[in-house]
Structure formats: C-alpha cells, structure tokens
Amino acid sequence: MATVTSTKTAAKPGVGPGWPKPPGQNGSNGNGRSRRFRGRRKFSKDTYRIVVWILLAAILMMFVALASSYIVLSGNPEWQPVRMPRAFMFSTGLILASSVTMTAARRQLEQGLSKKYQGWLLLTLLLGFAFLACQLKGWKQLVSAGVFISGNPHSSFYFLFTGAHGIHLLGGLTALGFLAARSGRVLSGEASEKRSAAADAVALYWHFMDGLWVCLFLLLWLWK
Amino acid sequence: MAEAIHEEVHRHPAPTGFIRKYIFSIDHKVIGIQYILLALTAVVVGLVMSVLMRLNLSWPGTNWPIMGTLFPTGAPGGIMSPEFYLSLVTMHGTIMVFFVLTTAPQGGFGNYFLPIQIGADDMAFPFLNMMSFWVTFVGFVVLLLAIFAEGNLTIGSWFSKLGESFAAGSGTVGPIGGWTGYAPLSALGKIAGPGQGAGVNLWIISIAIFCVGSLLGALNFITTLLNMRTRGMTLMRMPLTCWAWFTTAVLALLSFPVLLGGGILLLLDRVAGTSFFIPGGLYVSGSLVPLHNGGSPLLWQHLFWFFGHPEVYIAILPGMGATSHILSTFARKPIFGYRAMVFAIFAIGMLGFFVWGHHMFISGMSPYSAVAFSVLTLSIGVPSAIKTFNWLGTLWGAKIRFTTPMLFAIGFVSLFVAGGITGLVLGQTSLDFFFHDTYFVTAHFHLVMGVASIFGMFAATYFWFPKMFGRMMSESLGKFHFWVTFIGVYAIFVPFHAMGMVGMPRRYAQFGEYEFLKNTHGLVLFVTVAAIITAVVQLVFYFNFFWSMFKGKKAGDNPWEATTLEWNIPSPPPHDNFAGIVPEVYRGPYEFAVPGAAKDYIMQSEPEGGPVGAH
C-alpha cells in the first residue's frame with residue numbers, strides 16, 4: 001500500500017511546483033535540523049538532552065506543587081512538627097556521593113575508558129540502591145517513633161516526599177542499569193556518540209534527583 | 001536505481017497486521033484518529049448527560065421510565081433525584097473538559113498534523129505516542145467505571161469490598177462534587193453524600209491517569225517541534241496551528257503535574273488517612289469528622305485552579321490555531337499580523353499561569369491579591385483582542401470562500417468574542433461577587449471554552465477530513481449542521497446570561513421553591529428545547545463523518561488550494577508521510593494572493609523565484 005503511494009508521488013512531481021524534489025542518494029528522511037541534512041541522517045544528540053529537560057520541567061512542577069502545599073500547611077496552627085530521623089541524614093550523604101561518582105563515570109567515558117566508566121557506573125548504581133535502603137530505614141525509624149502517614153500533615157509529608165522522590169529515583173536507577181549493561185563494550189562512531197549522549201542525559205536526571213532530594217530534605221528538616 | 005537505494009535506506013515499512021496497524025499503532029496519524037474517535041465517543045456520553053440535566057431542570061419531578069429502569073436508586077420511579085442531577089453535572093464537566101476538549105484538539109488533530117506540517121515523518125518518540133493514547137484510553141475507562149460503580153448495585157458491591165472509602169452503589173452516575181471536586185467534601189468519602197465513595201476515588205484515579213497520558217503527549221509534541229522540523233522550516237515559517245499545539249503542549253507540561261500532585265494528596269486523604277485538605281473539628285452532615293486535623297480545604301482550590309486555568313487554554317488554543325489557519329486559507333489572504341499572532345498565542349498561554357485566583361475571589365482571599373489576579377486576568381484581554389482584530393483584518397476585504405470549515409472558523413471568532421467579553425465582567429472582583437456561581441459563569445465558560453473550542457474542532461474536522469480519509473465531507477450537510485448548531489448554541493447560552501443576572505445559581509437541581517426565579521421558567525424551557533434540537537443535529541455531523549469516510553466525493557491532494565506541507569502529499573498520506581523524501585520549505589505558511597504570482601496561492605514547498613527544476 002505504502003509502496004504504491006510512494007511510486008505515485010515520485011512519478012508525479014507536478015502536485016505543487018517544485019515538489020517533490022527527487023531524493024538524491026544522500027537524501028535524508030526529514031529528521032533533524034537543516035545542518036544535519038548533508039550526509040546520511042545523523043543521530044541527533046540533542047534529542048535525549050531536550051527530552052530529559054522537558055521531563056524534568058514536568059517533575060519539577062509536581063514537586064513544586066507538593067512543596068508549596070507543605071509550606072502552606074506549615075502555617076496552619078494545627079501543624080505538629082516531627083523530628084528528622086537520622087537515616088535521612090545518611091541517605092543525603094549517600095545520594096550526594098552518587099552524584100560525584102556519576103560525574104566521575106562521565107569523565108572516564110569522555111576519555112574513552114570503558115572499563116573505568118563501567119566501574120564508576122556500578123558504584124553509582126550501588127549508592128543509589130543504598131540510598132533507597134536508607135530511605136526505607138528512615139520510614140522504619142519514623143514508624144517506631146509513632147509517626148505514620150495518616151495523621152498530621154508534617155508526618156504525612158515525610159512519607160509522601162520520600163515515596164514520590166523514591167519512585168522517580170527508581171526510574172533513574174533503571175536508566176543507570178541500562179547504561180551499565182552496555183558500558184563494557186568498546187564502541188565507535190555514531191554508536192559511541194549515542195552512548196555518551198545517553199550517559200549525559202541520565203547524569204542530568206540523576207543530578208536533578210540528587211538536588212531535588214536535598215531540597216526536600218532541607219524543607220522537612222528546617223522548615224517546620 | 002537511486003530510488004531503490006533510497007527505499008532501502010530511508011523508508012520504514014508500514015505495519016501489516018491489523019493490530020499493529022490500527023490498534024497498537026505507533027503511526028502518529030493512526031494515533032491521531034484514535035484520539036479523535038475517543039473524543040467522538042466521550043462527547044456522546046457528555047451530551048446525553050447535558051440533555052438529561054435540561055430535562056430535569058425544565059420538568060422536575062417527571063417520571064422518565066427509562067431512567068427508573070437504568071438507575072433504580074438514583075432515579076426512583078423514574079424521577080431524577082437532586083443527587084443524581086449533581087452527578088450528571090460532575091460527569092458532564094469531567095468528560096467534556098478532559099476527554100473531549102483536551103483529547104480531540106491536541107491529541108487528535110495535533111498528533112495527526114503537527115509532524116506533517118513541520119515536514120517530519122513521525123513524532124520524535126512514536127512508542128511513547130502510542131503509550132500516551134492508551135494511557136488516556138485507560139483513564140476514560142476508569143471514568144466510565146465510576147458511572148457503573150455508582151449506578152449499578154452489583155458492580156458497586158464489588159467496589160464496596162475494597163474498603164470504606166470505596167463504598168459504592170449509590171445510584172448516581174458518579175461523584176456529586178462537580179468537575180472541580182472541591183475539598184473537604186471530595187476528601188471525605190461516603191459521609192459527604194452519594195457518589196462520594198468509589199465515585200470520587202475512581203474519578204481521581206481517572207484524572208491522574210489522564211495527567212500521565214497528557215504529560216507523555218506534551219513531552220513528545222515539544223521534542224518533535226524543537227528537533228524535527230524539516231529543511232527551511234524555521235520557527236517563524238511554521239503554520240499557526242503548530243504554534244498553537246506547541247504552546248498547548250507547554251501548558252500541559254507545566255500544569256498537569258500540579259493537578260497530578262493535588263490528585264495524589266486528595267487520594268491519600270481518602271485512602272491513607274492523611275489530612276492535607278481536611279481541617280480539624282470539621283462537621284459534616286451533623287457529625288464530627290474524627291482523626292483528621294491540620295489540613296486546608298483552600299489548598300485544593302489553589303492546586304486545582306493553578307492547573308484549571310491553563311487547562312481552559314489547553315482547550316481553546318488549538319482551536320485558535322486551526323481558526324487562524326482556516327480563515328487565511330478561505331479568505332485567500334495572508335493571515336493578518338503573523339508575528340503578532342505568534343506572540344499573542346504565547347502571551348495568552350503564559351499569562352494563563354498567573355490568573356488562577358480569579359476562580360477564588362469569594363474564597364476570602366486578601367483584597368490585594370484579588371486586585372493582582374484581577375489586573376492580570378483583564379490583561380489577557382490584550383493578546384485576545386490582538387488575535388480577534390487580526391482575524392477580522394484577515395477577513396477584511398477578502399473574497400471569502402464560504403465552505404463549511406470556513407463557516408465554523410468564523411463561528412469560532414464569533415463565539416470567542418461573545419464568550420470572552422463576559423470574561424472581562426467576571427474578571428473584576430466586585431462584579432464577580434455577584435455573578436460567582438450563577439448561570440452567568442456557566443454561560444461565559446460554555447461559550448468561550450466549550451462551544452468555541454468545539455467549533456474550532458468542527459472547522460478542523462471539515463477542513464482536514466479530505467486529507468485524513470481521502471474523501472470530502474458533504475458540504476450541504478455540513479452547512480446545515482453549521483447553521484443549526486450556530487444558532488442553537490446562542491439560543492442556549494445567551495439566555496444563561498439573563499438567568500445569571502437574575503441570580504439563578506448554577507448546579508441546583510430545581511428552582512421551583514425560589515420566588516425570585518419564577519419568571520425564568522419560560523427561558524428555562526426555551527433553553528431546553530434549543531439544547532435538544534442542537535444535540536439532535538449533531539447526528540447529522542456523525543452521519544456526515546462516517547458516511548463520507550466511505551461514500552464521500554474523492555478528494556485530490558489539495559482540494560482547498562492550501563499552502564502548507566500536508567497538502568503536498570497524497571490523501572490519505574502514506575505511512576511515513578513524505579514517502580522517504582525530505583520536504584524543503586522556502587517560505588511562510590500563508591502566501592495567498594501574492595502580487596505577480598501565477599496563482600493566488602504559493603505553497604511552502606515552492607522554491608523562491610523560478611519554476612520547478614530551476615535549481
């Protein structure tokens with residue numbers, strides 16, 4: 001069906017004047033910006049970066065909404081502040097460290113050191129899981145202090161912020177897992193470009209999750 | 001030879017199996033049509049509900065036997081109960097706003113035509129695109145479940161087993177709190193009234209799912225537009241439709257997460273015992289609500305309207321884009337002030353984020369904030385007026401071709417002005433104090449956000465139908481549909497203004513007890529008759545749509561003599577839009593009646609100076 005229509009198009013250039021231009025051997029299929037049309041259709045490095053920024057804008061808006069709710073409700077006379085469990089302090093340290101290892105991994109990739117890149121990635125992954133474990137430990141500490149999700153908003157926000165952030169972090173961990181699974185291979189050309197673009201995008205997401213947690217942590221800890 | 005190589009390298013083959021081709025398709029065109037069909041289904045449900053509401057308002061206490069059979073508890077003896085009426089109000093609003101006004105213009109036409117108009121062979125992330133449709137579809141199914149869970153005792157009893165907040169089977173068609181779901185009654189459960197158990201839970205879940213679907217869509221739209229424009233398609237050469245879809249996607253991206261956040265808080269209040277929206281010491285139905293304290297019901301209003309106001313622009317901006325596009329095409333003149341149109345559409349979108357407080361003037365907010373919200377709200381009048389005058393400027397002195405899409409586009413301008421002008425009234429705090437929650441508000445938003453957007457979509461449907469299905473829709477049926485609908489909607493909503501000025505409150509199931517509303521009974525009846533006629537005439541549209549799909553007159557590649565890229569390719573377009581060819585764009589989208597040109601339109605793909613093959 002599609003082939004039929006295509007020959008029709010190609011055979012009938014008079015639909016609109018100047019249209020369609022016969023495709024040259026190097027014709028591209030219409031993707032990407034004009035400067036990329038010279039050669040074969042090239043992988044667009046921007047795609048990953050753009051989509052992660054857009055995704056982060058959406059995630060940021062949701063957490064801004066939740067944080068605004070927190071600030072509004074903290075002004076309520078019925079607000080009962082809850083003490084910060086120690087586990088969350090540890091987890092903050094862990095996630096900060098994971099950002100450092102992620103940056104190290106990217107440095108190694110830039111220099112083309114696949115093995116070292118893989119090592120740093122796995123370390124980042126490990127720190128990510130340790131962070132989540134620590135968050136769960138924090139929940140346990142909250143529960144043993146008699147703080148549950150039900151009840152006064154400050155206690156609910158502890159669970160809500162950690163839970164919502166944790167779910168988004170799981171997405172980051174999945175992406176890290178994909179990177180790690182492909183990190184051992186030595187690549188060149190477009191495949192290598194693609195890999196470093198993906199690593200950049202995942203790093204961006206990861207650093208954002210780190211910064212987001214620090215903000216939520218400071219909010220829960222100091223704004224009460 | 002070159003052709004063969006080209007085929008091998010660049011074409012991606014069309015799927016052959018039925019399921020991959022029509023159901024789980026990743027082709028943006030199929031997904032667009034799926035969105036349109038979803039909206040065409042949802043709008044029937046919403047429309048039937050509005051007719052039922054009119055029946056109840058005009059002849060309260062009448063026995064409608066079929067209602068008694070379908071909803072034995074909600075309409076005992078066939079007489080609709082006030083709660084049943086309220087649930088109709090809620091579900092009508094929710095279905096229309098989310099599953100019609102948000103899906104058809106953006107998900108439907110945007111999906112289909114944005115990639116083609118910018119010269120791309122698909123969306124940036126085709127799989128994500130498929131996901132966004134199916135997620136939205138699941139959201140719709142969950143919303144329908146709310147109808148069955150509350151309306152059907154058997155299905156209701158299944159839900160009741162899930163826990164107290166899922167108590168169901170109240171006989172209504174869903175929650176009774178309106179599409180805005182104001183807290184604290186929406187946060188409480190069964191105690192807040194019939195339909196407030198499982199009905200509200202499913203309602204929240206449905207909207208949360210819808211938010212996710214829309215976010216995936218927005219992600220795709222923005223990336224596609226930024227990254228996949230073809231050679232020569234600069235931002236300022238894009239058709240205004242693309243600008244509208246882009247702005248809408250930005251609005252969706254930034255506003256739906258806020259609703260999602262609010263929805264999560266609301267659901268937690270209901271199922272996890274939190275108190276985000278429930279204050280301490282709250283009495284409902286004469287009893288104290290236990291175990292909750294520290295929440296703020298007003299917080300929900302802020303979160304909801306921070307989303308809710310951009311949402312009305314999400315509904316109408318694509319209509320504005322389509323109208324600009326169609327007016328220029330059939331006026332055979334360039335759009336008046338292209339740049340101003342682009343800036344105006346973006347200004348409307350961005351200002352929309354700073355005016356949510358005008359929905360809350362009577363919430364007891366500080367008069368200073370009210371003034372700020374009021375001034376910002378009125379300032380939206382500036383870009384709106386720019387658009388309106390530019391539309392009129394486009395029509396000025398034109399030899400207009402009065403085709404059906406053109407009539408609907410002109411109808412859009414008319415409705416946008418008629419509905420928008422009352423926005424200036426409602427945007428003023430002092431006047432809003434009187435008009436708040438009266439039929440005046442109902443008239444305002446139905447004209448400007450409801451009917452105007454729908455007219456934009458009708459215009460788009462009649463305009464692009466030939467491209468989508470390769471056949472023309474019937475012009476005579478279309479014109480008949482236009483005139484009855486156009487007169488019909490004014491006959492429905494102009495009297496609403498009068499009722500509002502008398503002080504008739506919205507969302508009331510009956511007005512018999514109110515002495516001051518006695519005189520409005522004639523108007524109420526008149527509106528009902530107009531509404532029934534207008535609703536029935538939509539059958540003509542449905543008939544025209546499906547009949548023309550198979551029996552309509554064959555359309556050529558460019559039946560309207562339009563200029564943008566979608567009119568360069570066959571109708572319907574091949575699987576990868578441009579059959580592997582890179583379209584190249586040399587000029588702006590509205591080059592009609594160019595002095596010295598051979599024809600009265602020059603397509604975007606036509607090279608500067610010189611005939612075909614000169615290069």
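Over segment B:331-553, what is the mean sequence separation of C-alpha contacts under 8 Å (at least six apart), divided by residue count, expressed as relative contact order in percent?
Result for segment B:331-553 is 21 percent.
What full-extension length gain, to one decimal in nm, is calculated for B:Ser366 and B:Ser157 as 0.36 nm per residue of separation minus the Cα-Cα distance? List each step's numbers first, then the result.
Numbers: separation 209, 0.36 × 209 = 75.24 nm, distance 4.58 nm.
Result for the pair: 70.7 nm of gain on full extension.
Over all pairs of distinct alpha carbons, what does the Kirkwood formula give as the hydrodynamic radius of segment B:449-493, in Å? Provide the component values of the computation, followed by the final result.
Details: mean 1/r = 0.0882 Å⁻¹.
11.3 Å is the Kirkwood radius here.
Count charges around B:Ala593 for me, please; just the other residues with Cβ under 10 Å from its Cβ, Lys/Arg as +1, Asp/Glu as -1.
Spelling it out: positives minus negatives among the neighbours equals +2.
Treat every Asp and Glu Cβ in segment B:331-553 as -1 and every Lys and Arg Cβ as +1, leave all other atoms uncharged, and give the resulting dipole magnitude about the Cα centre to the nearest 20 debye.
So the magnitude is around 1180 debye.
Return the calculated 222 nm mean residue ellipticity for the protein assembly as shown, to the nearest 500 deg cm²/dmol, obtained by summing -39500 (n - 2.57) across DSSP H runs with n ≥ 4 and dividing by the residue count. Walk me through the numbers on the way to the answer.
Working: 26 runs with 515 residues, N = 839.
One gets -21000 deg cm²/dmol as the mean residue ellipticity at 222 nm.
For chain B, what's the relative contact order in percent, using C-alpha pairs closer than 8 Å and at least 6 residues apart? All intermediate terms of the calculation are to be shown ahead of the outcome.
Numbers: 1109 pairs, mean separation 89.5, N = 615.
Reported relative contact order: 15 percent.
Sort the following peptides by mean Cβ neighbour count (other Cβ atoms within 10 Å, averaged over residues), highest first: B:295-302, B:49-56. Walk me through the intermediate numbers first.
Working: B:295-302: 21.8, B:49-56: 20.0.
Highest-to-lowest ranking by the protection proxy: B:295-302, B:49-56.
Among the lysines, which have Cα under 29 Å from the Cα of B:Lys399 when same-chain residues fewer than 8 positions away are ignored?
By straight Cα distance, B:Lys399 reaches B:Lys333, B:Lys387, B:Lys467, B:Lys479, B:Lys553, B:Lys554, B:Lys599.
Would you tally the net charge around B:Leu565, using a Cβ to Cβ cut-off of less than 12 Å, leaving B:Leu565 out, and scoring K and R as +1, D and E as -1?
0
How well do other chains shield peptide A:67-75, expressed as the mean number of their Cβ atoms within 10 Å of each residue Cβ? Kindly include the intermediate steps, with their values, before the conclusion.
On the way: counts 1, 6, 11, 1, 0, 6, 8, 1, 1.
That average works out to 4.
At q = 0.07 Å⁻¹, what is the base-10 log of I(q)/I(0) for the protein assembly as shown according to the Debye formula with one equal point scatterer per Cα and no solvent? Please give it to two decimals.
Rounded to two decimals, the profile gives -0.58.
With labels modelled as points extended 7 Å from the Cα through the Cβ direction, what inter-label distance (nm, one decimal) is found for B:Phe434 paired with B:Ile23?
It is 5.8 nm.
Among B:591-602, B:477-488, B:310-321, B:151-162, how do they line up by average Cβ neighbours within 10 Å per residue, starting with the highest?
B:310-321, B:477-488, B:151-162, B:591-602
Quick one: putting +1 on the C-beta of Lys and Arg, -1 on the C-beta of Asp and Glu, what dipole do you get for segment B:556-615 around its Cα centre, in Debye to the nearest 20? All intermediate terms of the calculation are to be shown ahead of the outcome.
On the way: 2 positive and 9 negative charges, 14 e Å.
That gives segment B:556-615 a dipole magnitude of about 60 debye.
Pull up all non-local amide H partners of B:Ser296: gap of 5 or more, or a different chain, and H-to-H distance under 5 Å with H placed in the peptide plane.
B:Phe277, B:Ile278
Sort largest first and round to whole Å: the equivalent ellipsoid semi-axes of segment B:132-271, each the square root of five times a Cα gyration tensor eigenvalue.
38, 14, 11
Other chains near A:76-88: what is the mean number of their Cβ atoms within 10 Å of each residue's Cβ?
Numbers: counts 8, 2, 9, 2, 2, 0, 0, 0, 0, 0, 0, 0, 0.
For peptide A:76-88, the averaged partner shielding equals 2.
Which of B:Tyr590, B:Phe546, B:Val536 sits farthest toward the positive end of the charge dipole of segment B:535-598, with +1 on the Cβ of Lys and Arg and -1 on the Cβ of Asp and Glu?
Farthest along the dipole direction, towards plus: B:Val536.
Which one, B:Leu378, B:Gln510, B:Met472, projects farthest toward the positive side of the charge dipole computed for segment B:331-553 from Cβ point charges (K/R +1, D/E -1)?
My answer, from the dipole projection, is B:Met472.
Fully extended, how many nm does the chain gain between B:Ile533 and B:Leu424 (0.36 nm per residue separation, minus their Cα-Cα distance)?
Once the chain is fully extended between B:Ile533 and B:Leu424, it gains 36.2 nm.
About its Cα centre, what dipole magnitude does the protein assembly as shown give when the only charges are +1 on Lys and Arg Cβ and -1 on Asp and Glu Cβ, stated in debye to the nearest 20?
1960
In peptide A:148-155, what is the residue-averaged number of other protein chain Cβ atoms found within 10 Å of each Cβ?
6
In percent, what relative contact order does segment B:556-615 have, based on Cα pairs under 8 Å that are 6 or more apart in sequence?
Relative contact order of segment B:556-615: 34 percent.
State the dimensionless ratio Rg/Rh of segment B:556-615 (Rg: radius of gyration of Cα atoms; Rh: Kirkwood radius).
Using Cα coordinates only, the ratio equals 0.97.
Can you give the FRET efficiency to the nearest 0.05 for B:Arg507 and B:Tyr283, using r as the Cβ-Cβ distance and R₀ = 25 Å?
Between B:Arg507 and B:Tyr283 the formula returns 0.70.
Would you please put A:46-52, B:559-565, B:199-205 in order of how densely packed they are, using the mean number of other Cβ atoms within 10 angstrom per residue and starting with the highest?
The densest-packed peptide leads the list: B:199-205, B:559-565, A:46-52.
Can you list, largest first and rounded to whole Å, the semi-axes you get for chain B by taking the square root of 5 times each eigenvalue of its Cα gyration tensor? Mind dumping the intermediate values first?
Numbers: eigenvalues 359, 142, 115 Å².
One finds semi-axes of 42, 27, 24 Å for chain B.
Every number here is computed from the coordinates shown, using simple stated rules; none is lab data. All values derive from a computational prediction rather than experimental measurement. Heads up, the Cβs are rebuilt from the backbone with ideal geometry, glycines too, and the neighbour counts pull from every protein chain shown.
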